[in-house]
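The structure under discussion appears below in the form of structure tokens.
The values are calculated or read from the model by the stated rules, or taken from the named source; none is laboratory data. Quick caveat: nothing in here was measured; it's all calculated off a predicted structure. With ideal geometry, Cβ positions are generated from the backbone for all residues, glycine too; neighbour counts draw on all protein chains shown.
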Amino acid sequence: MTPDTVRLTAERLDLGHRGILCELHRDPRVMATLGGVRDDSWTDSMLDTNLAHWETHGFGLWIFRERSSGAFVSRAGLRHVKVEGRGDEVELAYTVTAPFWGRGLATEIGDTLLAFGRTHLSLDDIVAFTLPTNRGSRSVMEKLGMRYERDIVHHDLPHVLYRSGV
């Protein structure tokens with residue numbers, strides 16, 4: 001079962017996605033909201049971590065493509081994370097490529113993934129976080145019904161933490 005949306009198809013993350021992820025992580029527009037541009041070795045490490053997550057938990061990140069064109073739109077999914085080094089949370093993670101900004105796709109993906117988490121993974125509680133200045137992502141979280149919980153530090157940067165299910 002994949003979390004396809006009305007406008008997008010989802011593919012389980014795999015090594016074949018390395019090229020499009022390297023391009024995504026080199027895009028300064030996108031990465032300005034994720035702590036800065038990353039090199040290809042960072043993408044390799046990210047891929048290794050997220051593929052291991054799939055093996056351990058049976059879920060993780062997907063690649064989302066536009067149904068009509070097959071174009072790469074997003075990497076997004078649900079994954080276990082530690083928040084401020086404590087506890088085990090499940091994060092709703094999403095990153096949309098710049099050409100697809102402003103079309104409501106992050107909200108569409110987020111809504112589908114939250115429903116997938118509840119229905120297929122029996123998750124009652126899911127978090128999401130972003131840099132405090134990322135108004136677009138904060139707006140998505142709020143549209144999804146997530147509520148601001150607190151300020152946190154994640155990867156040595158200030159973030160705001162939102163939570164669904166409370």
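Scan the range 29-42 for residues that are assigned to a helix (DSSP H, G or I) and either acidic (Asp, Glu) or over 21 Å from residue 129 (Cβ atoms) (or both) and the total you get is 2.
For the residues 72, 100, the requirement of being over 12 Å from the mean Cα position of the chain (by Cα), surrounded by fewer than 19 Cβ atoms within 10 Å (Cβ to Cβ), at pLDDT 95 or above and within 23 Å of residue 30 (Cβ to Cβ) singles out 100.
Of everything in the range 45-67 that is over 17 Å from the mean Cα position of the chain (by Cα) and part of a helix (DSSP H, G or I), the residue that is farthest from residue 160 (Cα to Cα) is 55. Going by what's in this entry, would residue 18 be described as assigned to a strand (DSSP E or B), among the charged types (D, E, K, R) and either farther than 19 Å from residue 120 by Cβ or out of contact with any helix residue (DSSP H, G or I) (no Cβ under 6 Å at 6 or more places or on another chain) (or both)? No: the conditions fail for residue 18. If you go through the range 107-139 and keep only what is β-branched (Val, Ile, Thr), touching a residue at least 40 places away in the same chain (Cβ under 8 Å) and within 16 Å of residue 5 (Cα to Cα), you end up with 109, 112. When residues in the range 133-166 are screened for being in a loop (DSSP other than H, G, I, E, B) and at pLDDT below 95, 6 of them pass. Counting the residues of the range 93-117 that are within 18 Å of residue 53 (Cα to Cα) and small (Gly, Ala, Ser) gives 2.
Are any of the residues in the range 68-78 in a helix (DSSP H, G or I) and charged (D, E, K, R)? The answer is no; no qualifying residue exists. I'm told residue 120 meets every condition in (1) in a loop (DSSP other than H, G, I, E, B); (2) closer than 23 Å to residue 51 by Cα; (3) not β-branched (Val, Ile, Thr) except one. Can you identify the failing condition by its number? So residue 120 meets the others, but not (1).
Quick check on residue 92: is it buried (at least 17 other Cβ atoms within 10 Å of the Cβ) and assigned to a strand (DSSP E or B)?
Taking the combined requirement at face value, the residue satisfies it.
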